[in-house]
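First up is the structure itself, then whatever we jot down about it.
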Amino acid sequence: MYTSIPKGLTDLTLAIEKGTNAVVTSKYNPFYYHGALPQFYLWVLFISGLLLFAYYIPTIENAYFSENLVNAWTSVNYITNVLPMGAVIRGIHRYAGDAMVLTIVLHALRVWITDRYRQYRWIQWVTGVALLFLVLFIGQTGYYLVWDERSLILTRMTVSALGALPFVGEGLQKWFLNGTAITNLTLSNFLFIHIGLSFSLLFGLWMHYVRMTRPVITPPPAINYMLTAVLLVFVFLYPITSGKMADLNSMPTSFEIDWFFLWPYAMMASMNLGMYWVLILGGAIAFTCVPLPQLYKASHPIESAEVVLNKCTGCSLCSQDCPYSAIEMVPAPAGSRFKLLATVKAYRCSGCGVCVGACAFDAIDLPNLLDTDVKAKIKALAEAK
Amino acid sequence: MGKTINLVLVVAGALACLAFTGLMPWAELGMNAKFDNWPEWLRWLATNLNFSLPDYAAVSDLSTQWTAHLKKAGAETRFGDYAYALVMGLAMIGAAIGIGAIGREESEEKTILPVKK
């Protein structure tokens, strides 16, 4: 039953891809760039965010002893209603975030449907899930920064939810608020989390790509134009607006929800906090562990290639052939007849065996799939025929 | 047949791109291209070199419709900025169609198998 679902979905995906190929050809088929689409939106977010950052003031109270009130809400209001193209940049930032979540989910679905998460690809899956949760959290902090009534509700709900966690709850509340109550420092913290964590996405992406062969990270220009155009059309159709300025003495109770980022708050509002955390943490762990059963069942668990030191001539053929850049040539130890020695970076090696084929000196092998064993098996099979 | 479709798409995409790009100054002027709204240096040039600046009278209805939509959707000011975003987006869609059509041709050529001599 379980296997028939991905099989059926794979057939459906392939049929859709074939149909799309017939119209736009494989070169412009967005299905072949499903991993690059969120990355494109990440660049859009970085650039538009930089422009917004230039005018954003992370305070609740009046800043700079100004005559008129200058705080987070008024600065966002200034960006939206006064700054030339400010509303457009804000809209692009918001919709690029939504588009990023959407394309990540579609990317994960396609990876799952086409079985591209098994074996050595477990790293991509696990880092991908971590990146998705990071993107969701960063996006939520973006909603706090506007500092309208919705921001206030979301901040209070987050504080309550963190407080419900045993042992670490109180500490997390203090970390989140940057103190014990909502103050100017809280907004500084939100801004730091929003921007600081965004840059940590780059490290996450490096982890995501490290074991990939030739990852496609840039779609062709025509697709980029289309992706940008979609954002611009949405900016016009659904202009971004703020709610009323947050007032710490008020108790707003309802807010407009953005289902891409704020669905956890809808969950939070509809159940007790204990159940909320069980579902969120349980769901996150289950989602992360999707590749585990296949990893456990694998007949040949991944072991990285090993260099036979006394046979390696330092010719570097294995290093050149390795599709994962997992082999580095280092200076040979003193006393060696050769200048270089191959070394395997275990965290990059997928155990594909390309290096074994590349080596003319039998100087590299897979420990659980020895060259001699493979040859013996092939010989036995040939003789049996 | 395939080449004809590609040519049609390239021309259609290019024309759409040019048409919407042509609307960008109008949008940037707040969807109102009366002479006084144009930048001073362009007005000076128009006056001294004796040419007229376009007034975009043909699209004045669009201005009314788009402003009404934006007000209804919650936008408060700078409606021209939103209009600029829309026409730029539509111009980019035109460009994408044109570029895609050119690329399609290249892509198809690659699939032709070489003939053995």
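The values are calculated or read from the model by the stated rules, or taken from the named source; none is laboratory data. Keep in mind it's a predicted model, so treat the numbers as computed, not measured. A quick note on method: Cβ atoms are made from the backbone with ideal geometry, for glycine too, and the neighbour counts reach across all protein chains shown.
Between B:55, B:61, the distinction of being away from chain A (no Cβ under 12 Å) and touching a Lys or Arg at 6+ places or on another chain (Cβ under 7 Å) belongs to B:55 only. Scanning the range A:343-385 for residues that are outside any loop (DSSP other than H, G, I, E, B), within 30 Å of the chain's Cα centre (by Cα) and more than 23 Å from residue A:331 (Cβ to Cβ) returns a single hit, A:354. Being without any contact (Cβ under 8 Å) to a residue 12 or more places away in the chain, of a type in the set (A, V, I, L, M) and closer than 24 Å to residue B:77 by Cβ, is that true of even one residue in the range A:190-207? No - not one qualifying residue is present in the range A:190-207. If the condition is being over 18 Å from residue A:141 (Cβ atoms) and crowded, with 20+ Cβ neighbours inside 10 Å, then the range A:188-211 contributes A:208, A:211.
Please verify whether the range A:198-212 includes one or more residues that are within 23 Å of residue A:262 (Cβ to Cβ) and either outside any helix (DSSP H, G or I) or outside the structural domain of residue A:111 (by TED's automatic domain parsing) (or both). No: zero hits. The residues of the range A:249-270 that are surrounded by 12 or more Cβ atoms within 10 Å (Cβ to Cβ) and under 28 Å from the mean Cα position of the chain (by Cα), listed by number, are A:255, A:257, A:258, A:260, A:261, A:262, A:263, A:264, A:265, A:267, A:268, A:269. Of a type outside the set (Gly, Ala, Ser) and surrounded by fewer than 18 Cβ atoms within 10 Å (Cβ to Cβ): does that describe residue A:216? Taking the combined requirement at face value, the residue satisfies it. Look through B:16, B:46, B:58, B:33 and report the one residue that is on the phi < 0 side of the Ramachandran plot, aliphatic (A, V, I, L, M) and over 17 Å from the mean Cα position of the chain (by Cα). Matching residue, one of B:16, B:46, B:58, B:33: B:46.
Does residue A:257 satisfy being in contact with a strand residue (DSSP E or B) (Cβ under 6 Å, 6 or more places away or on another chain), over 27 Å from residue A:113 (Cα atoms) and not small (Gly, Ala, Ser)?
Values: in contact with a strand residue (DSSP E or B) (Cβ under 6 Å, 6 or more places away or on another chain): no; over 27 Å from residue A:113 (Cα atoms): yes; not small (Gly, Ala, Ser): yes.
Criteria not met by residue A:257.
Considering A:131, A:145, A:162, the condition of being buried (at least 16 other Cβ atoms within 10 Å of the Cβ), touching a residue at least 40 places away in the same chain (Cβ under 8 Å), over 20 Å from residue A:70 (Cβ atoms) and out of contact with any strand residue (DSSP E or B) (no Cβ under 8 Å at 6 or more places or on another chain) is satisfied by A:131 alone. Looking only at the range A:46-90, filter to residues that are within 13 Å of another protein chain (Cβ to nearest Cβ) and among the small types (Gly, Ala, Ser); which one of those is farthest from residue A:148 (Cα to Cα)? The selected residue is A:48.
Could you please give the count of residues in the range A:65-80 that are closer than 20 Å to residue A:192 by Cα and not in a helix (DSSP H, G or I)?
Residues of the range A:65-80 that are closer than 20 Å to residue A:192 by Cα, as a first pass: A:70-76, A:79.
Now narrow it down to the ones that are not in a helix (DSSP H, G or I): A:70-71.
Within the range A:65-80, residues that are closer than 20 Å to residue A:192 by Cα and not in a helix (DSSP H, G or I) number 2.
Considering the range A:232-248, the residues that are at the interface with another protein chain (Cβ under 10 Å from one of its Cβ atoms) and not in a helix (DSSP H, G or I) include one that is surrounded by the fewest Cβ atoms within 10 Å (Cβ to Cβ), namely A:238. Quick one: would you say residue B:40 is surrounded by fewer than 18 Cβ atoms within 10 Å (Cβ to Cβ) and facing chain A (nearest Cβ under 10 Å)? Here the answer is no, as residue B:40 does not meet what is asked.
Among the residues of the range B:64-90, just one is within 16 Å of residue B:17 (Cβ to Cβ) and more than 8 Å from every other protein chain (Cβ to nearest Cβ), namely B:87. Of the numbered criteria (1) buried (at least 16 other Cβ atoms within 10 Å of the Cβ); (2) at pLDDT below 95, the one residue B:34 fails is (1).
Taking the numbered list (1) within 20 Å of residue A:283 (Cα to Cα); (2) touching a Pro at 6+ places or on another chain (Cβ under 7 Å); (3) of a type in the set (A, V, I, L, M) in turn, residue A:100 passes all entries but (1). When the range A:276-306 is limited to residues that are at pLDDT 85 or above, exposed (fewer than 13 other Cβ atoms within 10 Å of the Cβ) and not β-branched (Val, Ile, Thr), the one that is farthest from residue A:142 (Cα to Cα) turns out to be A:286. Residue A:229 meets the conditions (1) within 14 Å of chain B (Cβ to nearest Cβ); (2) free of Cβ contacts under 8 Å to residues at least 12 places away in the same chain; (3) part of a loop (DSSP other than H, G, I, E, B) in every case but one. The failed one is (3).
Would you be able to say whether some residue in the range A:59-81 is assigned by TED's automatic domain parsing to the domain that holds residue A:240, among the aliphatic types (A, V, I, L, M), under 30 Å from residue B:86 (Cβ atoms) and surrounded by fewer than 19 Cβ atoms within 10 Å (Cβ to Cβ)?
Step one: filter the range A:59-81 for residues assigned by TED's automatic domain parsing to the domain that holds residue A:240, giving A:59-81.
Applying the additional criterion that residues be among the aliphatic types (A, V, I, L, M) yields A:60, A:63, A:69-70, A:72, A:76, A:79.
Right, trim to under 30 Å from residue B:86 (Cβ atoms) and you get A:72, A:76, A:79.
Subsequent filtering for residues that are surrounded by fewer than 19 Cβ atoms within 10 Å (Cβ to Cβ) retains none.
Taking every residue of the range A:59-81 in turn, none turns out to be assigned by TED's automatic domain parsing to the domain that holds residue A:240, among the aliphatic types (A, V, I, L, M), under 30 Å from residue B:86 (Cβ atoms) and surrounded by fewer than 19 Cβ atoms within 10 Å (Cβ to Cβ).
Evaluation of residue A:322 against the conditions (1) on the phi < 0 side of the Ramachandran plot; (2) exposed (fewer than 14 other Cβ atoms within 10 Å of the Cβ) shows that the sole unmet condition is (2). Residues in the range A:102-128 that are closer than 23 Å to residue A:12 by Cβ and either free of Cβ contacts under 8 Å to residues at least 24 places away in the same chain or hydrophobic (A, V, I, L, M, F, W, C) (or both): 11 in all.
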